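Heads up, the thing below is written out as structure tokens.
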Ligand SMILES: *Cc1c(COP(=O)(O)O)cnc(C)c1O
């Protein structure tokens, strides 16, 4: 194994995926879009998802969607509102995209005609979180214009919550999404393929079967793979919380002071830092740094190990209170969070494994 390594636990993740699909199905959500951005569409995770029954993938980066290959045709959804500069790739590598700007949808239509395709469009509605989305009062006008375009198909409406504004999905905002979907269907005499009710923060509504019934699609990353819904941080008892770890190797281990010696200026990041005098410490350096992951997002698996500090390429940990007899070359493991998985998978200096 090449270190630092991020290791995905296959059996536990498979259980999480299967249980999520089952839970969604029981609630009328037949379209589980597996969000692949946290693990940069790492191929074994894609294959496992497919094996477990996933037939639709979603990512914010078109490069990741391009690299997804499955035994049969799958739906590929671009999550981030497309840049006008990537329209050709969006039509080429995704089958459907989330949209909120008419000029972008017009460009998608034009490009799709060129490529002899019909690109599906989901209109995002802003229901209070204030990230992406058309204002509810404007959505019917936009829908009417989209319906006139030949290269795109209006395939649904969607909402994203709990991202920027931390707004929790509830009967009000999700209910409004469903009304908008119903109104569009009635006004224009069409049927929408997808009513997309959000991300892992909407999952808690599945636990008590309170998700509005018109919602038939969710875009799920965190809960699907890491078992954690993101409104209240709950993990069901039959699922596994974050079955993924970081393994790092110790490159230095010495007893040293806890207080730096000499005149104190600023650290490698231009920050003023203060130190607590804990006397002599058994300090180890593991080979991972802020360039790969931020210290605060790591938790040592061995709870007697304490985090000390970090620079671009080094992470210093305190082994004073650990019972294990660690030495240079040994491996220290860390538990991860969503943002640490995302950061680590983005770093080309971190190897990915599935075990
Ligand atoms: C990242 C993202 C998701 C998935 O979020 P999770 O919290 O991982 O479930 C869904 N929709 C959009 C638009 C996203 O950007």
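Can you tell me which residue is farthest from the ligand (Cβ to nearest atom) among those in region 187-202 that are in contact (Cβ under 8 Å) with a residue 60 or more places away in the chain and in a loop (DSSP other than H, G, I, E, B)? Don't jump to the end; show me each part of the working.
Taking region 187-202 first, the residues in contact (Cβ under 8 Å) with a residue 60 or more places away in the chain are 193-194, 196-197, 199.
Checking the rest, the ones that are also in a loop (DSSP other than H, G, I, E, B) come to 193, 197, 199.
Values: 193: 17, 197: 10, 199: 3 Å.
Ranking the candidates gives 193 first.
What residue, of 325, 313, is at pLDDT below 95 and more than 16 Å from the ligand (Cβ to nearest atom)? Working first, answer last.
Numbers: 313 fails: at pLDDT below 95.
Of the residues listed, the single one that is at pLDDT below 95 and more than 16 Å from the ligand (Cβ to nearest atom) is 325.
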Failed condition for residue 29, given (1) surrounded by fewer than 20 Cβ atoms within 10 Å (Cβ to Cβ); (2) more than 14 Å from residue 225 (Cα to Cα); (3) more than 12 Å from the ligand (Cβ to nearest atom): (1)
Members of region 148-159 found to be surrounded by 15 or more Cβ atoms within 10 Å (Cβ to Cβ) and either away from the ligand (no atom under 15 Å from the Cβ) or more than 16 Å from residue 204 (Cβ to Cβ) (or both), listed by number: 149, 151, 152, 153, 154, 155, 156, 157, 158
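Of all residues in region 93-106, how many are in contact with a helix residue (DSSP H, G or I) (Cβ under 8 Å, 6 or more places away or on another chain) and in a helix (DSSP H, G or I)? Before you say what the answer is, go through the steps one by one.
Of all residues in region 93-106, those in contact with a helix residue (DSSP H, G or I) (Cβ under 8 Å, 6 or more places away or on another chain) come to 93-94, 97, 99, 102-105.
The next check asks that each one be in a helix (DSSP H, G or I); those that pass are 93, 102-105.
Looking only at that region, the number is 5.
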Region 57-75, residues that are more than 15 Å from the chain's Cα centre (by Cα) and either within 12 Å of the ligand (Cβ to nearest atom) or assigned to a strand (DSSP E or B) (or both): 75
Only one of 205, 214 that is part of a helix (DSSP H, G or I), modelled with pLDDT of 95 or more and away from the ligand (no atom under 12 Å from the Cβ): 205
Residue ranges of strands (runs of 3 or more DSSP E) in region 259-355 with at least 1 members surrounded by fewer than 18 Cβ atoms within 10 Å (Cβ to Cβ) and in contact with a helix residue (DSSP H, G or I) (Cβ under 6 Å, 6 or more places away or on another chain): 306-310, 351-354
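Between 45, 1, which is within 15 Å of the ligand (Cβ to nearest atom), within 21 Å of residue 340 (Cβ to Cβ) and at pLDDT 95 or above?
Working: 1 fails: within 15 Å of the ligand (Cβ to nearest atom).
Only one candidate passes the filter, namely 45.
Looking only at region 196-210, count every residue that is over 20 Å from the mean Cα position of the chain (by Cα) and crowded, with 24+ Cβ neighbours inside 10 Å and tell me the total. Walk me through it before giving the result.
In the first step, residues of region 196-210 are kept if they are over 20 Å from the mean Cα position of the chain (by Cα); the result is 207-210.
Of the ones still in play, those that are also crowded, with 24+ Cβ neighbours inside 10 Å are none.
Total meeting the criteria: 0.
Of the residues 175, 151, 165, 158, which is more than 21 Å from residue 78 (Cβ to Cβ) and modelled with pLDDT of 95 or more? Steps first, please.
Numbers: 151 fails: more than 21 Å from residue 78 (Cβ to Cβ); 165 fails: modelled with pLDDT of 95 or more; 158 fails: more than 21 Å from residue 78 (Cβ to Cβ).
That would be 175, the only listed residue that is more than 21 Å from residue 78 (Cβ to Cβ) and modelled with pLDDT of 95 or more.
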Residues located in region 107-120, provided they are free of Cβ contacts under 8 Å to residues at least 40 places away in the same chain and assigned to a helix (DSSP H, G or I): 107, 113, 114
Of all residues making up region 47-56, the number that are assigned to a loop (DSSP other than H, G, I, E, B), under 21 Å from residue 121 (Cα atoms) and touching a residue at least 24 places away in the same chain (Cβ under 8 Å): 1
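For region 121-146, which positions are away from the ligand (no atom under 16 Å from the Cβ) and either in contact (Cβ under 8 Å) with a residue 12 or more places away in the chain or assigned to a helix (DSSP H, G or I) (or both)?
Going residue by residue through region 121-146, those that are away from the ligand (no atom under 16 Å from the Cβ) are 135-146.
Selection gives 136, 137, 138, 139, 140, 141, 142, 143, 144, 145, 146.
Okay, residues lined up against (1) assigned to a strand (DSSP E or B); (2) within 30 Å of residue 193 (Cβ to Cβ); (3) in contact with a helix residue (DSSP H, G or I) (Cβ under 6 Å, 6 or more places away or on another chain); (4) within 12 Å of the ligand (Cβ to nearest atom):
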{"site": "224", "(1), (2), (3), (4)": "no, yes, yes, yes"}
{"site": "229", "(1), (2), (3), (4)": "no, yes, yes, yes"}
{"site": "237", "(1), (2), (3), (4)": "no, no, no, no"}
{"site": "241", "(1), (2), (3), (4)": "no, no, no, no"}
{"site": "245", "(1), (2), (3), (4)": "yes, no, no, no"}
{"site": "248", "(1), (2), (3), (4)": "yes, no, no, no"}
{"site": "255", "(1), (2), (3), (4)": "yes, no, no, no"}
In region 160-177, the residues that are crowded, with 22+ Cβ neighbours inside 10 Å and either over 23 Å from residue 233 (Cα atoms) or in contact with a strand residue (DSSP E or B) (Cβ under 6 Å, 6 or more places away or on another chain) (or both): 177
Test result for residue 269, within 16 Å of the ligand (Cβ to nearest atom) and under 27 Å from residue 298 (Cβ atoms): no
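The values are calculated or read from the model by the stated rules, or taken from the named source; none is laboratory data. None of these values were measured; they are calculated from a predicted model. In this analysis, Cβ positions are derived from the backbone assuming ideal geometry, glycine residues included, and neighbour counts consider all displayed protein chains.
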